[in-house]
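Below is one structure, written out as structure tokens; the observations come after it.
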Amino acid sequence: MLSIAAAVFIILAPFRLELVVMELLLLSNSRSPDGSYLVHAIAEIAAIAAGRKRALFVPFAAVTVSWEAFVEQVRPVFAKAGVAIQSVAALPDPLTAVLAAEMVVIGGGNTFQLLRECRRRGLLEPIAARVRAGTPFIGWSAGANLACPSICTTNDMPIVDPKGFDALGLVEFQINPHFTNALPAGHQGETREQRIAEYLKANPNRTVVGLPEGDWLRVGNEAAVLGGPHAAPVFRAGQPTAMLVPGQALGCETENPALLAAAGIGPRIAGAEQTR
Ligand code: ASP
């Protein structure tokens with residue numbers, strides 16, 4: 001006699017779906033205040049690589065350094081994590097390289113140029129499809145911006161026209177990398193919090209995570225978990241800004257007056273009117 005569970009398994013076996021787990025590591029920054037390059041990320045890079053030995057590197061965000069020089073800056077860091085990188089810019093057929101990539105790594109720089117160069121080469125859809133199929137993705141700064149629905153919460157100037165702001169859409173939230181709310185005394189420009197409030201006014205259904213330097217989000221299918229030394233503010237239109245604590249998953253953030261004050265964020269509602 002078959003048990004009910006065994007009978008159900010046999011009937012459904014031909015229709016079994018593979019569970020694909022997306023794996024993303026989205027970092028705020030590459031260089032630390034002591035000048036070291038990506039050192040704070042090596043353990044996380046090795047963890048997400050999980051034994052993979054090769055990664056495709058996308059250097060298109062680099063503007064004032066050459067793409068070749070950027071690759072050589074990144075190469076030794078990934079070697080320490082046991083991963084050899086190959087630059088997509090050096091390949092005659094970038095599309096085939098994306099389709100064969102074991103891991104995709106996108107470095108920082110100018111987000112508008114990064115998006116333009118990826119779009120020009122028709123790489124956005126293939127990269128997104130590959131990552132959705134389980135290929136790990138690592139992005140820092142501009143590379144983290146590119147993983148979001150759009151690049152609209154970058155800090156960068158639009159130095160080139162990317163022909164649309166939509167990005168990879170690998171996560172549902174927006175990241176503002178290098179987050180700080182500091183403003184020099186007497187400075188009359190907007191704070192980062194004010195800029196994000198403007199974004200939320202125009203895009204009230206979005207969530208924005210202000211990712212302080214040194215932090216990252218490790219994203220899987222179920223959760224986006226904050227890593228690093230700092231709590232990160234989470235902004236939503238019409239709601240008080242909440243703070244996500246390292247080790248917590250996005251959605252678990254709370255209004256925490258002490259952490260908000262430490263991050264220099266005022267008790268205000270994101271998306272509310274500002275007068276300047
Ligand atoms: N320019 C930054 C970087 O890639 C991105 C940003 O600040 O939005 O380092």
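A few remarks follow.
- Only helices enter this figure: runs of n ≥ 4 DSSP H residues, each worth -39500 (n - 2.57), summed and divided by the residues of the chain, yield -8000 deg cm²/dmol at 222 nm to the nearest 500.
- Cα shape, segment 108-184, gyration tensor, a/c 1.5 rule: oblate
- Going by neighbour counts of Cβ atoms within 10 Å, the residues Arg54, Arg192 line up, fewest first, as Arg54, Arg192.
- Working ranking of peptides 196-209, 142-155, 165-178 by packing, defined as the average number of other Cβ atoms within 10 Å per residue, highest first, is 142-155, 165-178, 196-209.
- Computed from backbone phi with θ = phi - 60° and the Karplus coefficients 6.51, -1.76 and 1.60, the 3J(HN,Hα) list for segment 226-234 is 7, x, x, x, 10, 6, 10, x, 10 Hz; x is used for glycine and proline.
- Electrostatic tally near Ala49: other residues with Cβ closer than 12 Å to its Cβ, Lys and Arg +1, Asp and Glu -1, net +1.
- Rg then Dmax, both in Å and based on the Cα atoms of segment 40-190: 15.5, 52.
- The mean sequence separation of alpha-carbon pairs under 8 Å and at least six residues apart, normalised by the residue count of segment 19-171, gives a relative contact order of 29 percent.
- Rounded to the nearest 20 debye, the dipole magnitude of the chain is 340 debye, with +1 charges on Lys and Arg beta carbons, -1 on Asp and Glu beta carbons, and the Cα centre as origin.
- The Rg/Rh ratio of the chain, with Rg taken over Cα atoms and Rh as the Kirkwood radius over Cα pairs, comes to 1.02.
- Farthest toward positive dipole pole in the chain [+1 Lys/Arg, -1 Asp/Glu at C-beta], among Gly264, His178, Val74: Val74
We did not get these values from a lab; they are worked out from the coordinates using the rules stated. In this text the structure is predicted, and so the values were computed from the model without any measurement. Don't worry about glycine lacking a Cβ; one is built from the backbone with ideal geometry, like all the others, and counts go over all protein chains shown.
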